[in-house]
Every structure is written in C-alpha cells, then in structure tokens.
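Working notes, beginning with the structure itself.
The values are calculated or read from the model by the stated rules, or taken from the named source; none is laboratory data. Bear in mind that the values here come from a model prediction, so they are computed numbers and not experimental data. Here the Cβ positions follow ideal geometry from the backbone for every residue, glycine too, while neighbour counts run over all protein chains shown. Ligands, DNA and RNA are excluded from the accessible area calculation, which covers all protein heavy atoms including side chains. Shrake-Rupley method; radii C 1.70, N 1.55, O 1.52, S 1.80 Å.
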Amino acid sequence: MILLNNQILFYGAAAASTFIAGVLHLAIVPMFFNKMPTNVTIFFIISGLAQLFWVIPLIKRWSSIWYYIGIGGTVILIILWIVAVPARGLAVSELEVAIEFFQVVFIILCITIVKEITATRLDLKNM
C-alpha cells in the first residue's frame, strides 16, 4: 500500500499540481489578452478555474469519480494543447512546458491515488 504512509504527500502534491496548472492557465489571460480571440480567452479562464476547483475534491477526498473526471479533463487539455501548438509547428514556451508538466504530474498522482483506493477497498472486502 503506497499511500498508507504517504497520503498527505500524494493528495497534497496532486492538489498542488492542479492548482499550479490552473494558476498558470489563468496567468496566460492577462499576458496575451490583446492577442487572443475571445473564445480562446474564455477557454483559458474556464480551464484555469476548473483546475483550481479540482483542489477541493482532492483535499476533501471526494469519491473516485471526481478523480476520473479530473484525469479525463486534464488528458483532454493536454491533447488540445498538442493539437493546437506543437502539431501545428508553433514554438513551445517555457510557460506551456510548465503547465503540461504539472498536468502530467496531476494525472500520475491521481492514477496512483485511484489505484490505492481500489486496492484498499478490495483488501477490506476480502477480509
């Protein structure tokens, strides 16, 4: 059981990673406000706020469905970025690399948390 001794570390790191990615998404808006179309600005605001919201299910340890939704949403954000930036041959900035890094960390930690929750439930069920 990986998380048994390190629950605070895993949940805290997952919450911190999505929080940082959310803040960085929101930071893009004022940096490029005049250069972005309105729909792109709205996309970054919604993405950033959603990632900030996801701190709550992690800290409060809501049900696994919230982790699955968070993982899925973050995977979609990564795919959209890949299609919109590197796949089109655009330059990748340090800010984008940082956002993608924290999103990948979030996904890995949430998958680990979900696996641990599932293993714990199975262990309790088999007792």
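Here are the numbers:
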| read-out | value |
| --- | --- |
| One residue from I69, I46, I65 being under 24 Å from V114 (Cβ atoms), of a type in the set (V, I, T) and either over 12 Å from the mean Cα position of the chain (by Cα) or outside any helix (DSSP H, G or I) (or both) | I65 |
| Count - residues of the range 14-24 that are open to solvent by 40 Å² or more (accessible area, probe 1.4 Å) and among the β-branched types (V, I, T) | 2 |
| Test: residue in the range 108-126 that is under 17 Å from H25 (Cα atoms), open to solvent by less than 50 Å² (accessible area, probe 1.4 Å) and part of a helix (DSSP H, G or I) | no |
| Residue that is least open to solvent (accessible area, probe 1.4 Å) [pool: residues in the range 46-64 that are over 12 Å from A21 (Cα atoms) and among the β-branched types (V, I, T)] | I56 |
| The range 25-37, subset open to solvent by 40 Å² or more (accessible area, probe 1.4 Å) and part of a helix (DSSP H, G or I), residue modelled with the lowest pLDDT | F32 |
| Criterion (within 26 Å of L9 (Cα to Cα) and open to solvent by 40 Å² or more (accessible area, probe 1.4 Å)) met by exactly one of V75, V40 | V75 |
